[in-house]
Structure formats: C-alpha cells, structure tokens
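First the structure, in the form of structure tokens, and then the observations on it.
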Amino acid sequence: MKKIEAIIKPFKVEEVKDALAEIGLEGMTVTEVKGFGRQKGHTEIYRGSEYTVDFLPKIKLEIVLPDTRVDAAVKAIIGAAKTGKIGDGKIFLFDVHEAIRIRTEESGEKAI
Amino acid sequence: MRTTGTLIHEHKLERSCVFLLLLFLVALCGVSRVRAGDASTAVAAGTNAMAAATNAPAPPQQPDSVAYPPGANAGNEQDFTWPVPAKTMDNLGMTNAPTPLYAKPTMDEMIQNEAHNKVSINIVWTLVTGFLVMFMQAGFALVETGLCRAKNAAHVMAMNFMIYGLGMLGFWICGFAIMFGGYYNGPVAIGWQPSLGQGLALLNVEHGITIGDIKWGFMGGAGFFLNPSVFDTSIFCLFLFQMVFMDTTATIPTGAMAERWNFKNFIIYGFWVGMFPYAFFGNWVWGGGWLAQLGQTMGLGHGHVDFAGSSVVHMCGGMIALSGAAVLGPRLGKFGPDGKARPIPGHNLVYVMLGTFILAFGWFGFNPGSTLAGTDNRIAIIAVNTMLASASGALAACLMMYFKFGKPDPSMMCNGMLAGLVAITAPCAFVSSWGAVLIGLVAGTLVVYSVFFIEGKLKVDDPVGAISVHGACGAWGVLSLGLFANGTYGAGWNGVHKLIKGGEVMRILNDGPASIAKYNEMTGSGPTGGWTDMGVTGALGKLFHGPMNDWSQFGAQCCGTLTCFVFVAGFAYVWFKFSNLVFPIRSVKDDEMEGLDVPEMGAECYPDYHLTDKSSPRVG
C-alpha cells in the first residue's frame, strides 16, 4: 500500500477529486493548509506599507491505495492540477504498512 | 498565568475604584443641587418665554401636556412663525372631543394646534435622526474590529459596546450641563425661536469670563443629572440627540488605541470623555460659548460655524485619539528595529465595509438631524450634500491608492468614504453640490496622505486611521466651510446679520431692540430698505455663486480649528498621563502578544476557529 500526499492549488480540488473518481478511487482526505516553496510568497501593500504574504493557501490531499493503482492516480492528479505556472504544488509518496477499518476491524488492502 | 495573589490584589483595586466612583457621583450630586438652585432663580428673573407659557389662559389640550410639567411648554403662539398651509379648516377641531367634527375651531385653538404640530415634527425628526446616529455605534464597532486582528476582536468590540453606556452616563452627570446649560443665552438670529419648544428656555445658565465689556461664554451650568429643574420634553429630546453625538466622539479613540489599551483604564476614560472634553469644546461652539461669539465680539464672520460637528464631534475625537495613541505607544512589532512601519492587516474586511455603510447610513441622521427641525426644509440639501461628499471621498481615496500602488486598498476606500462624510459634516448646509463633491475629493486625498504621515513621520500607531479620518478631515471640514460657503443658508447665524445691497455690506448684531428695529427697516420695503440678509459666506463664496467673498469667516474657522487642536489634544494628553497613574493604560506585554480577548475579557471571539495570528509581525 502507498499513501499519496498532494499539495495543490485550492481552486483545483474539485477537478482533482473528479479525476480520481473517474479512475475509481473512492476515498480521500483533504486539509486546508498554508505554505510556501522555492518562489516564496508575494508582496502586497496594506495601507501604504509593503508586506510579504509568505504562507499561501493550499489544499493537502491524502489518499491511501494499493500499489497497483499509484501510477494511474498520480497521472490523474497531475492531469487535473497542472496549470503550468509556479505554485501548482507537489506530490509525495509514502509506504503504508498497515490500514485498519475501525467499524469492522478489517485490515490490509480490504480496509482501504 | 496569574497567581491567586495578584488576582486578589486586583479585586481589591476594583473595589476601591468603584468606591471612588460612588464618592465622585455623590460629590457631583451636591454640585448639581447648587446649580439647580441657580437655574430656578434665573428662570424666575429672566425669560419672557417661560412666563408667557405659564400665564397662558388655558392649558394646551394635547396628550403629552395634560400633566405638568413635561411638555407644557411644547407649543404656543410664539412657535407659530409660518403661515397655515391647510385650505379646509373644518377638520382642524379634532382636539375638541365633545363638539361635532365640523365645528370651526377658534383662532386660538388653530394657533395652538399648528404650533404644537411644528414642535412635534421637530421633536420627532430630532429623535429619529438621533436614533440613526445611535446606530452609528454599530458601524464604528464593525469598522474598528474588522481592522484589528482576530485575537483582539472581543476586546475591540467590548470597548465599542461599553463606551455607549459609559459616555452616556458621563454626559448625564455633567457633560450635557456643561455643554448646553447656557443654550438659551447663546447668540442667535433676530426672531429666533428654539425649534424643539420653549422649554429650552430652562437652559439659561452660562458661566463666562468677562474681559472688558464682553462676557466670553465658557461653560453651561444648568441640567446636571437632568435634574427636575430641566424636566421637559424639549430638553430631553436635545439630550438624546446630543448624547449620541458625544458617543461618536467617545468611540473614535477606541479605534486608534485598539489592541493594546487596558480595559480598566478605558472604563474611566469612558466617564471622562462623556463629562468634560467634548462638553467644553461643544459649549464654545454650539452652547453659545466664546467661539460662537467670535462673530459678534471680534467681527469674524458668523463666529465659528460648525453645522453638525466636523470640529465639535470628529476633530475632537481625532485629537483625543492622537493624544491617546501617542501616550499608549505603538502595538508590539508595529515598527521594526529600523523604525519602518510594518503593516498589521485587519482580520475581516467584510466587517469594515459593512460598518462603513452603516456609518454612511447613520450620517443621514447626523447631518440632516442637526437642523433640530424637520420643519427646516434645508434637510434635503443637507442630505444630498452628505451623500455626494461620501461618494467623492471614497472615489478619491480609491484612485489615490491605484495611482500610488497599483491596487485600491479596500480599507483605504472605507477611510476615504468616512473622510468625505467627516469633512462635509460642518459645511453640509452651507455649500452647493459642487462644493460638496470638491470637499469630498480633497478629504479622500487628504486622508491617504494623513495616514502615511501619522504612521511614517509621527510614528504614531493608528490601526484604523481614526486620527486621519476624524482629526485631519474634521479640520478640513470646518476650514472648507470658511472657503466654500455660498451665503444661501444661515442668515443671522450666531447673532450676526450680514446685509448686502448693491455690493455694499452692513453687519447688524442681534443685541437689543435698537438693532432689531434697524434690521427691520433695512430689510423692509421702505426708502432705506431693500437689503438682503446673507447667509454664512466663505472666502471663496463667489466661486460657488455666493454674493461675496468673506475672509473673516475663514478666520473664525481657523480659530475654531486651532482651539480644538490645542485644547482637546492637550487636555486629552494630560488626562491619559494622569489616568495611567490610576490604572496602567497599556496592556501587559504577554497579554498583548497572546491577544487581549482571553487575558482581559475572559472570552475568545472565535472559539471554534484555529487562529494562526499570521498578521502579527515579529516583536523586536
């Protein structure tokens, strides 16, 4: 099992969700987060003084899925979230060594 | 976390504070008794109006005047100063219940009904516009809270909430008496009658300083605690209207001093502001005091003219805010080690813009209500001028920010609209629509530069721009009156009549029967008549189709502005330094970093949200 953690632009979350649903992925967790990367934030003027908006709003999307479906999922996320401009976000992959469904206590891939 | 020991200590302090306050109230009660005595003897010795009212053959048969005293003086033939508009007289006898509806009323009854109606219209108008001004408290609360950080939201709201009642009680204790205790003795136009009824004649104690043969009015002395000697509908109506104006002044500094003002110090401030600074300056301008007398005594136009309070209300609030913010010092982290200002963005622009709209709405009470008369049809011109200046003020600030920074800062647009409203407050009744638009444009531009100046040069931290909006643009408002007033309104204002005929100007002061006879002769149709009574006229009056340019009016406006700056800012500085010894004015540093909501208020404003506090700059 793998966990995909994708940081994407907030206004892309619906498109990414639909793209993942199209390839048959049924669950995900999203969190509203703030952060910055290589380009840092941007500067704005508030009442005449310049200030830097360091932390930009992003959506963190987490999906746990069988190894066999990872490539398709990553492709779907990239396809939906890409604008080609800076700030499109990143995708991280992790190994998951166990998953348990609390209601039935099933474990492993059955629990996802 | 505080220890139990300090908690107990604080409770003791609070108890002693309450005790001191009670002592103070009792002492003032004593003072007011003495003053009330003064007032009643003065009434007995003085005013013809009261005598006429009490000697009237039959008491007026109106529902609010059956029981003496409130309302007994609310209408008689003296109030009947304009012709009856009604064509059919058959329906006018409605107060004679047993007689048939078609019975013709006597002339006396008609006069009484008409006079009562006029006073009633004026009282209803003044009360309703006063209610609108009261609602401006909500506008101020939203603007100020929106421009502050979420961690202080409950604290800023609580100050805006409590100032309403604190200031009101202060104004009831002595503010109203100091401001309007001598209202009836002020300089007025020939033929003037109090619009809210003859009961205002009870406000006739003015203490002054006599220099040469001129008595300069300094403070009123009737109406402490609205005591029984002033128990009258007209006076209670005036109290309500003026109280909400005072509350506007009182709530301006809560914005400039937000996010770092200790709440206990704020509470004693609330009483002080309702009792003294506004009341004194207000007496000098509106209560018949020395600034209003400048026209009669020094020949400066019509004296200091401020229709609805650019100086009395707004500049006064702005000056208290300036001193307060200077004494308090900037919020932690506001200025970096290099001395450069760092922005601390507000947490909710929706509040800010909604609050601004509420204020703009309330201003339709503020300015048109200041006629104290719904029967003064000038209210239409005042209302239109008010909204025009608000529009041009917002536009000017918006464009300024576009030109300077490429984006129109929404908080600055709001400041611009309020700047226009503050500036038009003094001249609203006296200028043309072009004058109003111009006044707003200048105010909207001025407020932007003033914000930069106060923050960048004076290094005074004003989170909401209150000093610029109310102080700087309030000053511009009264000065603009001295420039743009076009002579179409305010004839005889502050007891000065400027008569004009073929380019020649004559001044007649309302100071006795001789001058009244002279006035009647000159404005009559006889061989020496034909003079026109001119309203308040500014230095550039001709530019706005006025009859002349009168620089002396501008001189009077400068005197008023300078006095407001010196007296109010100075008095406030002394007060804040003094009150700092009673309760430290500045919140504890750790509390300020954490946000004042929990340490000082004991309540979070947004308990269900996780606050990141990302707007707070690094401290140090």
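Nothing in this text is a laboratory measurement; each read-out follows from the coordinates by a stated rule. The structure presented is a predicted model; accordingly, all values stated were derived computationally and were not measured. Because the Cβ atoms are built from the backbone with ideal geometry, glycine has one as well, and the counts that use them run over all protein chains shown.
At-a-glance table
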read-out: Table column - 3J(HN,Hα) (Hz), region B:452-458, Karplus curve with 6.51, -1.76, 1.60, x for Gly and Pro; value: 5, 5, 5, 7, x, 9, 6
read-out: Amide H within-cut-off set for B:Phe218, under 5 Å, with H built and near neighbours excluded; value: B:His207, B:Gly208, B:Ile209
read-out: Per-residue mean of C-beta atoms belonging to partner chains within 10 Å, peptide B:449-460; value: 1
read-out: Spin-label pair A:Lys3/A:Lys90, simplified geometry with 7 Å Cα→Cβ offset, distance in nm; value: 1.6 nm
read-out: Calculated FRET value between A:Thr83 and A:Lys60, using beta carbons and R₀ = 22 Å, to 0.05; value: 0.80
read-out: Calculated FRET value between B:Trp434 and B:Trp551, using beta carbons and R₀ = 35 Å, to 0.05; value: 0.95
read-out: Summed residue charge, Cβ within 14 Å of A:Lys82's Cβ, Lys/Arg positive, Asp/Glu negative; value: +3
read-out: Computed FRET value (nearest 0.05) for B:Val124 with B:Phe361, which takes r as the C-beta separation and R₀ as 22 Å; value: 0.70
read-out: Overall form of region B:498-550 per C-alpha gyration tensor (a/c, 1.5; a/b vs b/c); value: oblate
read-out: Neighbour-count order for A:Glu109, B:Glu114, fewest beta carbons within 10 angstrom listed first; value: A:Glu109, B:Glu114
read-out: Computed lengthening from B:Phe453 to B:Leu349, 0.36 nm per intervening residue step minus Cα-Cα distance; value: 35.1 nm
read-out: Qualifying aspartates and glutamates (Cα of each under 16 Å from Cα of A:Lys58; at least 8 residues distant if same chain); value: A:Glu5, A:Glu14, A:Glu15, A:Glu32, A:Asp88
read-out: Summed residue charge, Cβ within 9 Å of B:Glu600's Cβ, Lys/Arg positive, Asp/Glu negative; value: -1
read-out: Karplus (6.51, -1.76, 1.60) ³J(HN,Hα), θ = phi - 60°, over region B:257-270, in Hz, Gly and Pro reported as x; value: 9, 5, 6, 8, 8, 5, 5, 5, 4, 4, 5, 5, 4, x
read-out: 10 Å beta-carbon shell around B:Ala256, net charge (K/R +1, D/E -1); value: -3
read-out: Distance from region A:71-108 to region B:464-482 (C-alpha centre basis), Å; value: 58 Å
read-out: For region B:573-589, 3J(HN,Hα) per residue [Karplus equation, 6.51 cos²θ - 1.76 cosθ + 1.60, θ = phi - 60°, Hz, x = Gly/Pro]; value: 4, 4, 4, 5, 5, 5, 5, 4, 6, 7, 10, x, 6, 9, 5, 5, 4
read-out: Above-threshold pairs, the threshold being 26 Å between Cα atoms, out of B:Lys264/B:Lys614; A:Lys2/A:Lys82; A:Lys60/A:Lys85; A:Lys82/B:Lys614; B:Lys264/B:Lys577; value: B:Lys264/B:Lys614; A:Lys82/B:Lys614
read-out: Footprinting exposure proxy for B:His302, B:His470, B:His610 (fewest neighbouring C-beta atoms within 10 Å first); value: B:His610, B:His302, B:His470
read-out: Dipole moment magnitude, nearest 20 debye, the protein assembly as shown about Cα centre, only Lys, Arg, Asp, Glu C-beta charged; value: 1560 debye
read-out: Amide hydrogen neighbours beyond the local backbone of A:Gly35, cut-off 5 Å, H modeled; value: A:Leu56, A:Lys58
read-out: Residue among B:Ala514, B:Ala539, B:Phe567 farthest towards the positive dipole end of region B:505-581, charges placed on Cβ; value: B:Phe567
read-out: Partner lysines for B:Lys340 [C-alpha distance under 17 Å; skip if fewer than 8 residues away on the same chain]; value: B:Lys457, B:Lys459
read-out: Estimated [θ] at 222 nm from DSSP helical runs (n ≥ 4, -39500 (n - 2.57)) normalised by residues in the protein assembly as shown, nearest 500; value: -15500 deg cm²/dmol
read-out: Angle between chain A longest axis and helix A:70-81 axis [Cα atoms, degrees, rounded to 10]; value: 30 degrees
read-out: Leading residue at positive end of dipole, the protein assembly as shown (Cβ point charges), from B:Ile454, B:Met548, B:Gly487; value: B:Ile454
read-out: Whichever aspartates and glutamates have a C-alpha closer than 19 Å to that of B:Lys498, once near sequence neighbours (fewer than 8 apart) are set aside; value: B:Asp306, B:Asp511, B:Glu521, B:Asp533, B:Asp550
read-out: Cut-off under 5 Å, modelled amide H: who pairs with B:Gly538 long-range; value: B:Ala485, B:Asn486, B:Gly487, B:Asp550
read-out: Sorted by Cβ density within 10 Å, fewest first, the residues B:Val124, B:Val285; value: B:Val124, B:Val285
read-out: Region B:285-347 versus region B:583-620: alpha-carbon centroid distance in Å; value: 28 Å
read-out: In degrees, nearest ten, helix A:13-22 long axis to first principal axis of chain A (Cα); value: 20 degrees
